[in-house]
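Report on the structure given below.
Since every read-out is calculated from the coordinates, none of them should be taken as a lab result. Everything numeric here is computed off the predicted structure, so don't read it as measured data. With ideal geometry, Cβ positions are generated from the backbone for all residues, glycine too; neighbour counts draw on all protein chains shown.
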Amino acid sequence: MKMKKKWYDYLWILSLTYLILGFFNILFAWLGLLCFFIPLFIAIVKGNKGYCNKYCGRGQLFALAGGRFGLSRKKDIPKWMRSNYFRYGFLIFFFAMFFLMLWNTWLVFAGTKDLGTVVTLLWTFKLPWHWAYHGTLFSDGVAQFAFGFYSVMLTSTVLGFLTMILFKPRSWCVYCPMGTMTQLICKARNAAFSPKQEFRSKG
Amino acid sequence: MIKRKAVVNIWECVACGCCIKVCPRSAISIPNGIYSKINQDLCVGCGRCVKECPASVITLREAE
């Protein structure tokens with residue numbers, strides 16, 4: 001029983017292209033903001049996780065690599081990793097690191113800090129990445145954000161790949177900060193709107 | 001004959017939608033973005049979603 005593929009089943013190509021482009025010109029990292037704003041937009045406006053469910057190219061990439069290419073052990077994820085403590089904890093940690101990155105970008109914008117042409121992997125390891133930097137037309141801060149954002153994207157890909165190998169292909173989805181956040185938005189929306197609907201149906 | 005149906009632990013479901021993609025009967029949906037719902041009338045208990053679920057929160061239960 002083979003399901004018919006839709007156009008959005010090929011979005012993994014975009015995700016892969018994004019990662020590759022970052023090796024050539026870091027400024028492409030800005031495109032990654034789409035992976036932040038589209039899911040939020042769908043969750044806030046439509047009140048569902050349509051992004052995760054249909055369009056997430058990263059999820060598709062893991063599903064392909066772990067499923068079709070067999071790079072996954074396909075074992076159950078440990079219980080603690082799917083607990084709300086871990087999921088929300090990781091979301092908070094991820095956000096803290098994200099704001100630290102924004103702060104560094106701001107310092108470069110303000111001119112108090114020099115541009116660092118490195119990609120920081122797993123918030124710790126500074127990889128030299130100067131070969132993907134060919135100058136920017138605007139402030140150095142624009143490039144600093146690109147390096148910072150690409151670090152976020154590469155780090156999450158590496159983490160996702162590790163858990164893909166260890167557990168099920170799309171294990172990343174369990175603790176993906178965007179997924180946790182959009183689910184939270186949907187929960188809040190549902191809590192805010194559904195009682196009213198119930199009330200209405202009761203007349 | 002014992003029929004089996006897939007059941008979701010809605011408290012631990014992350015609503016990622018992996019189950020929707022593998023369901024051969026299109027019996028699964030995530031209408032509110034919080035957890036997945038399996039249409040028990042359509043479910044044939046094949047267990048594909050159970051295998052796919054990255055959070056391992058779907059199980060097969062015997063139905064009457």
- Set the Förster radius R0 to 30 Å, insert the Cβ-Cβ distance between B:Met1 and A:Leu71 as r into 1/(1 + (r/R0)^6), and round the FRET efficiency to 0.05. 0.20
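Based on the alpha-carbon gyration tensor of the protein assembly as shown and its eigenvalue square roots a ≥ b ≥ c, which shape applies: rounded if a/c is under 1.5, prolate if not and a/b is larger than b/c, or oblate? Don't skip to the end; give the middle numbers.
Values: a/c = 2.29, a/b = 1.71, b/c = 1.34.
In terms of gyration-tensor shape, prolate.
If you stretched the chain out fully between A:Leu162 and A:Leu184, how much longer would it get, using 0.36 nm times the residue separation minus the C-alpha to C-alpha distance? Could you put the intermediate results ahead of the total?
Numbers: separation 22, 0.36 × 22 = 7.92 nm, distance 2.53 nm.
Value of the extension gain: 5.4 nm.
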- Message: Please flag any cysteine in the protein assembly as shown that has no other cysteine's Cβ under 4.7 angstrom from its own Cβ.
- Response: A:Cys35, A:Cys52, A:Cys56, A:Cys176, A:Cys186, B:Cys13, B:Cys18, B:Cys23, B:Cys43, B:Cys46, B:Cys53
- Message: Counting only pairs 8 or more residues apart or on different chains, how many lysine pairs in the stretch A:1-107 have their Cα atoms under 28 Å apart?
- Response: 25
- Provide the gained length on full extension for the span A:Phe37 to A:Asn84, in nm with one decimal, where the gain is 0.36 nm per separating residue minus the Cα-Cα distance. 14.6 nm
- For labels at A:Asn25 and A:Leu115 in the simple 7 Å Cα→Cβ model, what's the distance in nm? 1.3 nm
- Note on the structure: Dividing the mean separation of Cα pairs under 8 Å (6+ apart) by the residue count of the stretch B:3-63 yields a relative contact order in percent of 49 percent
- Does the stretch A:66-111 come out rounded, prolate or oblate, given a ≥ b ≥ c as the square roots of the eigenvalues of its C-alpha gyration tensor, rounded meaning a/c under 1.5 and, failing that, prolate meaning a/b above b/c? oblate
- Query: Contour minus end-to-end for A:Leu137 and A:Phe98, with contour as 0.36 nm per residue of separation and end-to-end as the Cα-Cα distance?
  - Reply: 11.6 nm
- Query: Roughly speaking, what is the centre-to-centre gap between the stretch A:1-62 and the stretch B:1-63 when only Cα atoms are used, to the nearest Å?
  - Reply: 23 Å
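Over the stretch A:7-202, what relative contact order in percent results from Cα pairs under 8 Å that are six or more residues apart?
Details: 252 pairs, mean separation 65.4, N = 196.
Dividing the mean separation by the residue count of the stretch A:7-202 yields 33 percent.
Going by a ≥ b ≥ c, the root eigenvalues of the Cα gyration tensor, does the stretch A:90-196 fall in the rounded group (a/c under 1.5), the prolate group (a/b larger than b/c) or the oblate group? Don't skip to the answer; put the middle values down first.
Details: a/c = 3.05, a/b = 1.55, b/c = 1.97.
In terms of gyration-tensor shape, oblate.
Tell me, B:Ser36, A:Ser15 in order of fewest to most beta-carbon neighbours within 10 Å? Display every interim value, and only then the final one.
On the way: B:Ser36 26, A:Ser15 20.
Ascending number of Cβ neighbours within 10 Å: A:Ser15, B:Ser36.
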- Among B:Cys18, A:Cys56, B:Cys13, which comes first, then next, by fewest other beta-carbon atoms within 10 Å? B:Cys13, B:Cys18, A:Cys56
